[in-house]
Amino acid sequence: MKKFLEFLYQSSDMKKKNYLKIKDKNYNDPEEIIDFIKKNKFLEEKELLMLTANYFDIYLYSSEKFKPEKNCSEYISLEMSEKYGVLPLNKKDDTLYLAVTIPLDLKIRENLKYLTDFWIEEVLVSEENYKKMKEKIYGNYFSIDQSELINQFGSMKNIRDPDIEQLKEMIKDTPVVKLVDRILKEAAALKASDIHLEPQENIFQIRYRIDGMLKKYYELPLEIAAAVISRIKVISGMDITVRHLPQDGRLEIPIDNMNYDLRISVIPTIYGEKAVLRLLSKDLSLLSFSKLGFNNKKIKQLKKILQIGSGIVLFAGPTGSGKTTTLFTMLRALTAEGINIMTVEDPVEYRLKNLNQIEVNKKRGMTFHIALRSLLRQDPDIIMIGEIRDQESAEIAVRAAVTGHLVFSTIHTINSAAAVKRLLDIGIPAYLISTALSAVISQRLLRTLCSACKIKDKVDDKLSEKFPHLKKKIIYRKKGCSECGGSGYTGRTAAAEILIVDKKIRKLINNNASEAAIQQAAELNGMETLLESSVDILADGKTSRQELMRVIAAKGC
């Protein structure tokens, strides 16, 4: 991109010292150069836009020549717009004019040409105009509906504790309905796992969790909060009149031809009710080892565990580490006409055929422990317990395992060896653990680098000292582009350590060996640790050193 930088310098009044600052950065694409110039205000935005359009031979936006047409959204969906950083302005014959803030690279341009079956012409616009166009093209219910909702709240004396009867009327009206629909559709298009609707002191903010990271998308007037939360409560079967206690709800809904299960939690805060919506796709094709990101070596180990006839298989890790998804991928592989699989879950996350799934419902008297006590009377071959949470659930799991059943469950520990200590701490004798436990799978999810924009990184001395094989590998770091929404990452992949409880490990457990001793013995026996698994993903060019440090928090890396 030296030619582009030279062109900008020679065609403008850019100061030489500023030009040299950019040159020293050795940027490889126009986006980096443009962002640096904008950030440091080396050129006026209008001049930068004009010169960029001139150099790349693309159109420069003018309101007279290009007027956004709303029907063009049928050619570029919201999901495509978010992915590629383009907006469909208008169509003439076989040409589709797309608004961009950064010139498209050839690969993205060709992708769009193939996906739309149109010749693509780019129209360079300012970021401010891009945002306005997006609202016009895709319909920004946030701006349209806010004024109507605020007017509805005009007679309210207390926006954090509105009159119930007025609220019931408000949530039937189109603005609230459309606003909630928009939130759900946008979150699904962005592949968000969770939606956070949060009243704050002066605003109502909306955040999406994407690839494990929370990101704020909107700040709305606080007056809207009660209507939006109430609409969510109504469609998920909650009591709208109860505003001072936590409530949980569930909703099945189609979004853009995909069916989703929504798990919804509402809780009162000092500024009003906050809601979190968990989006679970009902596309069961996602439950495959390869799609979860496991490499061939790990898939082979997991399939070997599937052949275990009896015993406990635990999935360890913190919330959001993907352990439940891996567990259900294994259960899905085990489903067959001649096998009775029973599960106890709080709540049910994935609904699979040929599984007899029991959902905890405290209101109706179906507690976790009541369901567990009934399991063994249901003639199960395989049992899945949502979580080993206390002594009773652990005892039932052990009892089932030692009587010839295969038991799957999750446990909150930092690694595989720590799962043994956790079972001891909740009161299970060592001799029973050594008899019942067959395997522990501990995992984390690492964000995968965007293949369109990742750039080479250096292997630092500390990293290469601990993992010498990295010296011969090319590793990468994030950059950010239109395909990944500027984050530098798209999707996540699993790093895992798989502890197989063999004779040596059983003996150590039975002798009350320390967690460190069990971990060391497993490693000597060939177990790949979470850190080593993550480094393999780094060496394959799939994740960054920074992401590895964030998730695994390894000392010395």
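A few remarks follow.
- Reachable aspartates and glutamates, given that their alpha-carbon falls under 17 Å from the alpha-carbon of Lys17 and they are not under 8 places away in the same chain: Glu6, Glu44
- Sparsely packed trypsin sites (Lys or Arg not before Pro) within the range 333-409, loop by DSSP, other Cβ within 10 Å at most 15: Arg351, Lys353
- Here the extension length gained between Lys462 and Leu60 equals 139.9 nm, from 0.36 nm per residue of separation less the Cα-Cα distance.
- Per residue, the convex hull around the alpha carbon atoms of the chain comes to 188 Å³.
- Three semi-axes describe the equivalent ellipsoid of the range 1-140; taken as square roots of 5 times the Cα gyration tensor eigenvalues and ordered largest first, they are 29, 15, 13 Å.
- Unsatisfied cross-links (Cα-Cα over 18 Å) in the set Lys131/Lys216; Lys15/Lys41; Lys131/Lys274: Lys131/Lys274
- Computing FRET efficiency as 1/(1 + (r/R0)^6) for Asn354 and Leu376, where r is the C-beta to C-beta distance and R0 is 25 Å, gives about 0.80.
- Charged side chains reduced to their Cβ positions (Lys and Arg at +1, Asp and Glu at -1) give the range 159-281 a dipole of some 320 debye around its Cα centre.
- Checking every one of the trypsin sites (Lys or Arg not before Pro) in the range 8-45 against DSSP loop status and a limit of 16 other Cβ atoms within 10 Å picks out Lys15, Lys25, Lys41.
- Estimated translational D of the range 394-520 in µm²/s (Stokes, Kirkwood radius over Cα pairs; 37 °C; 0.692 mPa s): 186
- Approximating the spin labels as points 7 Å out from Cα along Cα→Cβ, the Arg477-to-Asn361 distance works out to 5.4 nm.
- Candidates per GluC sites (Glu not before Pro) in the range 25-96, loop by DSSP, up to 13 other Cβ within 10 Å: Glu44, Glu64
- Virtual paramagnetic centre 7 Å along Cα→Cβ of Lys15, amide N under 19 Å, in the range 47-61: 47-48
- Global geometry of the range 175-277, whether rounded, prolate or oblate, following the gyration tensor of its Cα atoms and the 1.5 cut on a/c: oblate
- Dipole magnitude (debye, nearest 20) for the range 1-140, charges at Cβ of Lys, Arg, Asp, Glu: 560
- Straightening the chain between Lys41 and Glu219 buys 61.4 nm, computed as 0.36 nm per residue apart minus the Cα-Cα spacing.
- For the range 209-276, the dipole from Cβ point charges (+1 on Lys and Arg, -1 on Asp and Glu) about the Cα centre works out to 160 debye, to the nearest 20.
- Share antiparallel - DSSP beta bridges, the chain, percent rounded to 5: 65
- Inter-centroid distance (Cα atoms) of the range 202-222 relative to the range 254-306, Å: 20
Rule-based calculations on the coordinates, nothing more; no lab input. These numbers were taken from a predicted model, which means no experiment stands behind them. Glycine gets a Cβ as well: all are built from the backbone with ideal geometry, and neighbour counts include every protein chain shown.
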